[in-house]
Amino acid sequence: MITYKEQIVKGVIDVREIPKIACINDLSGFGRCSLVVASTILSVMGLQPCLMPTAVLSNHTGYDSYTFLDFTQYMKPFYEQWEKLNLKFATIYTGFLGSEQQIDTVAAFIKLHPEANILVDPVMGDDGKPYATYTPPMCEKMRHLTAEADMATPNVTEACILTDEPYQGDNISFETAVSLCRRICAQGTRKVVLTGVQVEEDVVANVFYNRETGENFMVRQKKVVKKYPGTGDMFASVLCGELTRGADDLAAVSSAAKFVRKVAAYTAETETRINDSVIYEPFLKELG
Ligand code: PXL
């Protein structure tokens, strides 16, 4: 992954601009996740999020009801207009994608931007199961998209789907986690952070692997028992911001893990409904 500084030196990014990050994810108006989280976090980190919705929802799907507008047909016109404006991106950051066609559209957009670092959060499932909308052909396409990534951030479920490994729970050892990361990298991905690895009863870790150098490490955090939606989006967004600003991998993963652990621990002490996600607003300025 080349840093923003290197992109400037190579002349692919204009030094006078605030680095742009193309964020491709759903827009859920309420529920602190996806594009809302990406745009607030990246902006407070001094970066310029450019938002491409994949779907527009009143609130995320964890609630009993919601409205849903599929945005697939608008995505190509959206990025063609961005091409007219000659936008160059420091990073392209993808999250929830809702159909095979959307994954194809995102892949075509990425091809137009060789200057950009690619961060793929392969949102496909949790707790051993793919999400209801995720068909086997979509999983296959997501595998190809992830192979294009400079950095991918699957959880254990998603890593198993990507590698055709049986899921045997999030409680796997560091060595098993690194070998899962290595298998993902064997398909093309440059670096992987495997999230939510339960290395001990009350310890969760994010496990990193770099295909080119073989470097690996884990960042351990005391587990917060309550599990909130949107925290995966917060982790990937902070990681995206840190890497774009030029942080090294260990610093970037540590910062993202620390932020998510902090907001989750704070929220767990309140009566906040699980679906409303974590109270992260008071802590945003610490990312600046
Ligand atoms: O990552 C949380 C999230 C994002 N987007 C949508 C969701 C959820 C969680 O349920 O439904 C549409």
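Quick one: putting +1 on the C-beta of Lys and Arg, -1 on the C-beta of Asp and Glu, what dipole do you get for the chain around its Cα centre, in Debye to the nearest 20? List each step's numbers first, then the result.
On the way: 28 positive and 36 negative charges, 112 e Å.
Charge dipole of the chain: 540 debye, to the nearest 20.
Can you work out the accessible area per residue across the chain, with the rest of the protein chains kept in place, probe 1.4 Å, in square angstrom?
45
Using a 1.4 Å probe on the protein heavy atoms, what percent of the accessible area of the chain belongs to carbon and sulfur?
Working: 6950 of 12870 Å².
Carbon and sulfur together cover 54 percent of it.
Please compare each pair in Lys88/Lys227; Lys129/Lys285; Lys223/Lys285 to a cut-off of 32 Å on the Cα-Cα distance and tell me which ones are over it. If you can, show how the numbers build up before the last one.
Working: Lys88/Lys227 37 Å; Lys129/Lys285 35 Å; Lys223/Lys285 24 Å.
Pairs exceeding 32 Å: Lys88/Lys227; Lys129/Lys285.
Can you figure out the FRET efficiency of Leu87 with Ser65, using R₀ = 51 Å and their beta-carbon distance, to the nearest 0.05?
0.90
Enumerate the amide H contacts of Asn117 below 5 Å, restricted to partners 5 or more residues apart or on another chain; note that Pro and chain-start residues carry no placed amide H.
Residues meeting the amide H criterion: Thr91, Ile92.
Give the residue list of GluC sites (Glu not before Pro) in the range 147-252 that are DSSP loop and have at most 14 other beta-carbon atoms within 10 angstrom. It would help to have the intermediate numbers written out before the result.
Details: sites: Glu148, Glu158, Glu175, Glu200, Glu201, Glu212, Glu215, Glu242; in loops: Glu148, Glu201, Glu212, Glu215.
When the GluC sites (Glu not before Pro) of the range 147-252 are filtered for loop state and at most 14 Cβ neighbours within 10 Å, Glu201, Glu212, Glu215 remain.
Starting at the first residue of the range 272-286, write each ³J(HN,Hα) from the Karplus equation 6.51 cos²θ - 1.76 cosθ + 1.60 with θ = phi - 60°, in whole Hz, x for Gly and Pro.
Result, rounded to whole Hz: 3, 5, 3, 4, 6, 6, 8, 6, 10, 4, x, 9, 4, 4, 5.
In whole Hz, with x marking every Gly and Pro, tabulate ³J(HN,Hα) for the range 95-108 from phi via Karplus 6.51 cos²θ - 1.76 cosθ + 1.60, θ = phi - 60°.
Going residue by residue, I get x, 5, 10, x, 7, 4, 4, 5, 5, 4, 4, 5, 4, 5 Hz, with x marking Gly and Pro.
Counting only DSSP beta bridges with both residues in the range 29-265, what percent are antiparallel, rounded to the nearest 5? Working shown, then result.
On the way: 19 of 29 bridges.
Antiparallel: roughly 65 percent of the beta bridges in the range 29-265.
From the C-alpha gyration tensor of the range 247-288, pull out the three semi-axes of the equivalent ellipsoid (sqrt of 5λ each), sorted largest to smallest, in whole Å.
The answer is 23, 11, 7 Å, longest axis first.
Quick one: pull the percentage of alpha-carbon pairs in the range 10-137 with a separation above 26 Å. Please list the in-between numbers first.
Details: 1775 of 8128 pairs.
For the range 10-137, the share of Cα pairs beyond 26 Å comes to 22 percent.
Listed here are the pairs Lys10/Lys111; Lys141/Lys258; Lys10/Lys141; Lys84/Lys141; which of them are more than 25 Å apart at the Cα?
Details: Lys10/Lys111 19 Å; Lys141/Lys258 32 Å; Lys10/Lys141 32 Å; Lys84/Lys141 28 Å.
Long pairs (Cα-Cα over 25 Å): Lys141/Lys258; Lys10/Lys141; Lys84/Lys141.
What 222 nm value per residue comes from the helices of the chain, counting each DSSP H run with n ≥ 4 as -39,500 (n - 2.57) and dividing by all residues, nearest 500 deg cm²/dmol?
Working: 9 runs with 109 residues, N = 288.
One gets -12000 deg cm²/dmol as the mean residue ellipticity at 222 nm.
Tell me the Kirkwood radius of the range 107-224: reciprocal of the mean inverse pair distance over distinct alpha-carbon atoms, in Å. Intermediate results must be reported in sequence, preceding the final value.
Details: mean 1/r = 0.0695 Å⁻¹.
When all Cα pairs of the range 107-224 are included, the Kirkwood radius is 14.4 Å.
For the range 238-288, what relative contact order do you get, as a whole percent, if you take Cα pairs closer than 8 Å and at least 6 residues apart?
On the way: 22 pairs, mean separation 14.0, N = 51.
Averaging sequence separation for qualifying contacts and normalising by length gives 27 percent for the range 238-288.
Under 17 Å between alpha carbons, and skipping anything fewer than 8 positions from Lys76 in its own chain: which aspartates and glutamates qualify?
Partners found: Asp26, Glu100, Asp104.
Using only alpha carbon positions, build the gyration tensor of the chain, then give the equivalent ellipsoid semi-axes as the square roots of 5 times its eigenvalues, largest first, whole angstrom.
Computed over the chain, the values are 26, 22, 21 Å.
State, as an integer percentage, the relative contact order of the chain based on alpha-carbon contacts under 8 Å between residues 6 or more apart. It would help to have the intermediate numbers written out before the result.
On the way: 559 pairs, mean separation 50.1, N = 288.
It rounds to 17 percent for the chain.
Using a 7 Å offset from Cα along Cα-Cβ at Glu212, what residues in the range 122-152 end up with backbone N under 17 Å from the label point?
147-152
The values are calculated or read from the model by the stated rules, or taken from the named source; none is laboratory data. Please read these numbers as outputs of a predicted model, since none were measured by experiment. Note: ideal-geometry Cβ built from the backbone for every residue, glycine included; neighbour counts use all protein chains shown. Accessible surface is based on the protein model in full, side chains and every heavy atom, while ligands, DNA and RNA are left aside. Shrake-Rupley method; radii C 1.70, N 1.55, O 1.52, S 1.80 Å.
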